[in-house]
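To start, the structure itself, in structure tokens.
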Amino acid sequence: MYEKDDPRSSLATATAPRPDSGAAIAAAQYFDLHRLAPPGAATPDARTAVVRAQNVVLAHTEARAGDDLDNGTLDGELAVVVTGASPAFTVVTGDGSTRVDGPGLVVAPPGGSRISVHGDGPLIRLVEAAEPAWRDRAANAGAYAEDHPRVAPLERWPEPVGGPAVRCYPLAEVPDDPARFGRIFRTRSFMVNFLPELDGPRDPHKLSPHTHDDFEQLSLAVRGQYVHHIRTPWLSDSSQWRDDEHVRLGSPSLAIIPPPTVHTSEAGDPDVNQLIDIFSPPRTDFSEKPGWVLNADDYPMP
């Protein structure tokens, strides 16, 4: 996580909101993923928490050895976020099988696919929110009965170089680098940033409140606990004003942070804390930073 004055991010300091049409600002959303889907449930579907943002659906499964996870037949790509606690698994598509044994990002091409699980632990799948079978399962589907006007719609980025294929991006091949903000990968529709593990609480004197103009941020806590600090700017309609929020969540949990709220996340566990940030579509600002997107050669910018 970057500090307030960190030069690596142009969004490191909160600024006044830009003049706009006055469209309502959506409320932040917070999810305890184990409360949505108890990890001791009997079936994989019952152990899968499904939530969505405007452009992306996230499915968090507490998988068990022998589970067979059917991803359906997708119009867009599937991304699998693999953490240090995730089990080994095999992605099966019409073109063959790919085994995955370590943390990182796995991308499967459009079409049908399944995941055969070889151990116990969490697996996180990302699909486009336009996929009806997934969109309709979301616990918060009602929050997006209508599009949020402040969120830019998803327009897929260019096709990957070399055409459709299962692509694996292991974290083991990319050590943390203080000159780079996390370990960032992108697909045609998503950007995933594996932030560094943080030992102990974050220094409360070095937080990083900032805003995003037109995209949501999904902050997935995979270790430790966090307080998500959210401030909603005041628009002319005072009936829409909100008090500041300081919401504490353990892991696994998800916070969906809407634009243009001022926000920062404060790690609080005395042991290890880790967030993974997810965006849809991919962020142009991060993509323009030389060397930040680690699979940029596979997934070109528009």
Against the definition (surrounded by fewer than 20 Cβ atoms within 10 Å (Cβ to Cβ) and more than 27 Å from residue 230 (Cβ to Cβ)), how does residue 174 come out, yes or no? yes
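Could you say whether any residue in region 136-146 is in contact with a Leu (Cβ under 8 Å, 6 or more places away or on another chain), modelled with pLDDT of 95 or more and open to solvent by 30 Å² or more (accessible area, probe 1.4 Å)?
The answer is yes, given that some residue of region 136-146 is in contact with a Leu (Cβ under 8 Å, 6 or more places away or on another chain), modelled with pLDDT of 95 or more and open to solvent by 30 Å² or more (accessible area, probe 1.4 Å).
Condition first: without any contact (Cβ under 8 Å) to a residue 12 or more places away in the chain and either farther than 25 Å from residue 139 by Cβ or not in a strand (DSSP E or B) (or both). Can you find one or more residues in region 245-262 that meet it?
Within region 245-262, the subset without any contact (Cβ under 8 Å) to a residue 12 or more places away in the chain is none.
No; the residues of region 245-262 include none that is without any contact (Cβ under 8 Å) to a residue 12 or more places away in the chain and either farther than 25 Å from residue 139 by Cβ or not in a strand (DSSP E or B) (or both).
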Find the residue count for region 171-198, including only residues that are within 28 Å of residue 98 (Cα to Cα) and within 17 Å of the chain's Cα centre (by Cα). 17
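Out of everything in region 62-72 that is charged (D, E, K, R) and outside any loop (DSSP other than H, G, I, E, B), what residue ends up being nearest to the chain's Cα centre (by Cα)? Working first, answer last.
From region 62-72, those charged (D, E, K, R) are 62, 64, 67-68, 70; that's our starting set.
Restricting the remaining residues to those that are outside any loop (DSSP other than H, G, I, E, B) gives 62, 68, 70.
Working: 62: 17, 68: 23, 70: 21 Å.
Across region 62-72, the extreme among qualifying residues is 62.
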Among the residues of region 224-240, what is the count of those that are open to solvent by less than 20 Å² (accessible area, probe 1.4 Å) and either farther than 13 Å from residue 261 by Cα or charged (D, E, K, R) (or both)? 3
Which one is nearest to residue 214 (Cα to Cα) among residues in region 147-165 that are open to solvent by 40 Å² or more (accessible area, probe 1.4 Å) and in contact with a strand residue (DSSP E or B) (Cβ under 8 Å, 6 or more places away or on another chain)? 154
Identify the residue in region 73-110 that is part of a loop (DSSP other than H, G, I, E, B) and charged (D, E, K, R) and, among all such residues, is most open to solvent (accessible area, probe 1.4 Å). 95
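For every residue, the table says whether it meets (1) closer than 24 Å to residue 123 by Cα; (2) surrounded by 17 or more Cβ atoms within 10 Å (Cβ to Cβ); (3) touching a residue at least 24 places away in the same chain (Cβ under 8 Å).
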residue	(1), (2), (3)
210	no, yes, yes
242	no, no, yes
272	yes, no, yes
285	no, no, yes
Mind listing whichever residues of region 110-131 are within 16 Å of residue 56 (Cα to Cα) and without any contact (Cβ under 8 Å) to a residue 60 or more places away in the chain? 110, 130
Since residue 221 meets every condition but one in (1) part of a strand (DSSP E or B); (2) farther than 27 Å from residue 296 by Cα; (3) not hydroxyl-bearing (Ser, Thr, Tyr), which condition does it not meet? (2)
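The values are calculated or read from the model by the stated rules, or taken from the named source; none is laboratory data. All values reported here derive from a predicted model rather than from experimental measurement. Heads up, the Cβs are rebuilt from the backbone with ideal geometry, glycines too, and the neighbour counts pull from every protein chain shown. These area figures cover heavy atoms from the full protein model, side chains too; ligands, DNA and RNA do not enter into them. Shrake-Rupley method; radii C 1.70, N 1.55, O 1.52, S 1.80 Å.
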